[in-house]
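What follows draws every value from the coordinates through simple rules; no lab data is involved. Keep in mind the model is a prediction, meaning the values are calculated, not measured. For neighbour counting, all protein chains shown are included, and Cβ atoms are generated from backbone atoms with ideal geometry for every residue, glycine included.
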Amino acid sequence: MTIRVLVVEDDPVAAEAHRTYVERVAGFEVAGVVHSGAAALRACERGGVDVVLLDLYLPDTHGLRVCRALRAAGNDVDVIAVTSARDLAVVRAAVSVGVVQYLLKPFTFASLRDRLDRYARFREQAGRPGEAAGQAEVDGMLATLRTPARRSLPKGMSGETLQAITGALAASPEGRACRPRRRPTSPGSRG
């Protein structure tokens, strides 16, 4: 299933870059590109949008007002903030109005692709019928949105090997008590 993205960005060059980035990610298509909050609301009202890439500094309104208006209209489209707004009060307000991810400008294609891929995994998990088996499943779904992709493992170690090692350590009382040893320092050395 393709995820339809509305790009909301007042800068035409940035809007084009965002459109191009989205088109490069498998499973996503651009539903439209608009340059104002009013145009974003109209586009979402017409439907056909699953997620909005929303700049917060728009010429006619603040992006958080757009989010509030969407919610007031009963529109539950997801929103990924794509902004230069670094003020922590804005970040908190974004979470309170339902922004699912927050990406600071400038960003790379890889950063946006990672956010979109995680968003797609979240939608897949959240779209299953039925109830969550428990807290761990709910936590895992939400972590999908928030947790950056894992760093690569050291050369020669697979994910299965790492899981086997951590499982064995967790099962062993001695394994849980282990702590990394400090290197002894010799007199006169800085450690």
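Observations, loosely collected:
- Relative packing of peptides 137-144, 1-8 - highest average C-beta neighbours within 10 Å first: 1-8, 137-144
- Computed label-point distance, nm, for sites D76 and E16 using a 7 Å Cα→Cβ extension: 3.8 nm
- Under 11 Å from the D60 label point (7 Å along Cα→beta-carbon), backbone N, the range 30-51: 35-43
- Inter-part distance where the range 1-54 and the range 68-109 are each reduced to a Cα centre, Å: 14 Å
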